[in-house]
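Inspection log for the structure reproduced underneath, given as structure tokens.
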Amino acid sequence: GAVVSQHPSRVICKSGTSVKIECRSLDFQATTMFWYRQFPKKSLMLMATSNEGSKATYEQGVEKDKFLINHASLTLSTLTVTSAHPEDSSFYICSAKSERGTYEQYFGPGTRLTVT
Amino acid sequence: AQSVAQPEDQVNVAEGNPLTVKCTYSVSGNPYLFWYVQYPNRGLQFLLKYITGDNLVKGSYGFEAEFNKSQTSFHLKKPSALVSDSALYFCAVRDGWGFQKLVFGTGTRLLVSP
């Protein structure tokens, strides 16, 4: 099956610093990737849709200057949390849509971000 | 806008008993529905989907879901629960054409006791 990886799996950073999270589709090409945020005991909130070679589409209420998304290749999308604050601490999950047109998204294992 | 509702925060079932995790949907047009499972500190794993065709959809790990148009439901079922099935289950619906976003329910925690 399709595999999506995320790196790092856990990261702790100090308030005010930036942190980059990578999302890779390992065995398929993904022109579209998605970034979600999950709060404890809550559902996934879609943050943005990342399209290879173009600007990401952000959901309402998500600050695009704070959550920078780059989708430079068909297998890699990155999310950079800039000037992180404790309220940005969360579980970030990416997913990728297979170009085989099977409709399902394949999810990465998630990244636990803790801002101190 | 498309939406799904999972009315139960938690479902408790004894191992070996059948389980049902409920999901209802609200869509305009044909629904594309999905079930995903999440284990602690992990991403979501795809279980099954309904696009068209048979109302009973079979998926991974022995799970199945029944699409009921009249009741706008897509309940997840398994005939005999395992302790290892304990996890967080999400129902989702495709939002928009050309496949893009998924809209997730709030999740239901399944706890299977030995």
- Message: I'm checking my understanding of the structure. Among residues of the stretch A:16-45 that are under 15 Å from residue A:67 (Cα atoms) and assigned to a loop (DSSP other than H, G, I, E, B), which one is farthest from the chain's Cα centre (by Cα)?
- Response: A:16
- Message: For the stretch B:36-47, which positions are more than 10 Å from chain A (Cβ to nearest Cβ) and assigned to a strand (DSSP E or B)?
- Response: B:37
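So which residues in the stretch B:24-78 are β-branched (Val, Ile, Thr), without any contact (Cβ under 8 Å) to a residue 60 or more places away in the chain and within 12 Å of residue B:92 (Cβ to Cβ)?
At the first step, the residues of the stretch B:24-78 found to be β-branched (Val, Ile, Thr) are B:24, B:27, B:37, B:51-52, B:57, B:72.
Now narrow it down to the ones that are without any contact (Cβ under 8 Å) to a residue 60 or more places away in the chain: B:24, B:37, B:51-52, B:57, B:72.
Correct list: B:37 only.
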- Can you find even one residue in the stretch B:10-21 that is within 14 Å of chain A (Cβ to nearest Cβ), surrounded by fewer than 20 Cβ atoms within 10 Å (Cβ to Cβ) and at pLDDT 95 or above? yes
- Item | Top-ranked residue of the stretch B:48-67 - restricted to ones that are loosely packed, with under 12 Cβ neighbours inside 10 Å and assigned to a strand (DSSP E or B), ranked as farthest from the other protein chains (Cβ to nearest Cβ) | B:56
- Output the qualifying pairs, or none if there are none: Cβ atoms under 7 angstrom, residues six or more apart or on different chains, first residue in the stretch A:4-28 and modelled with pLDDT under 95, second residue exposed (fewer than 14 other Cβ atoms within 10 Å of the Cβ) and of a type in the set (S, T, N, Q). none
- Message: If I filter the stretch A:89-112 for residues that are modelled with pLDDT of 90 or more, more than 11 Å from chain B (Cβ to nearest Cβ), over 26 Å from residue B:9 (Cβ atoms) and surrounded by fewer than 20 Cβ atoms within 10 Å (Cβ to Cβ), do I get at least one hit?
- Response: no
- Residue count for the stretch B:10-23, restricted to those that are of a type in the set (D, E, K, R) and either farther than 24 Å from residue B:49 by Cβ or in a strand (DSSP E or B) (or both): 1
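The values are calculated or read from the model by the stated rules, or taken from the named source; none is laboratory data. All values derive from a computational prediction rather than experimental measurement. Virtual Cβ from ideal backbone geometry, glycine too; neighbours counted across all protein chains shown.
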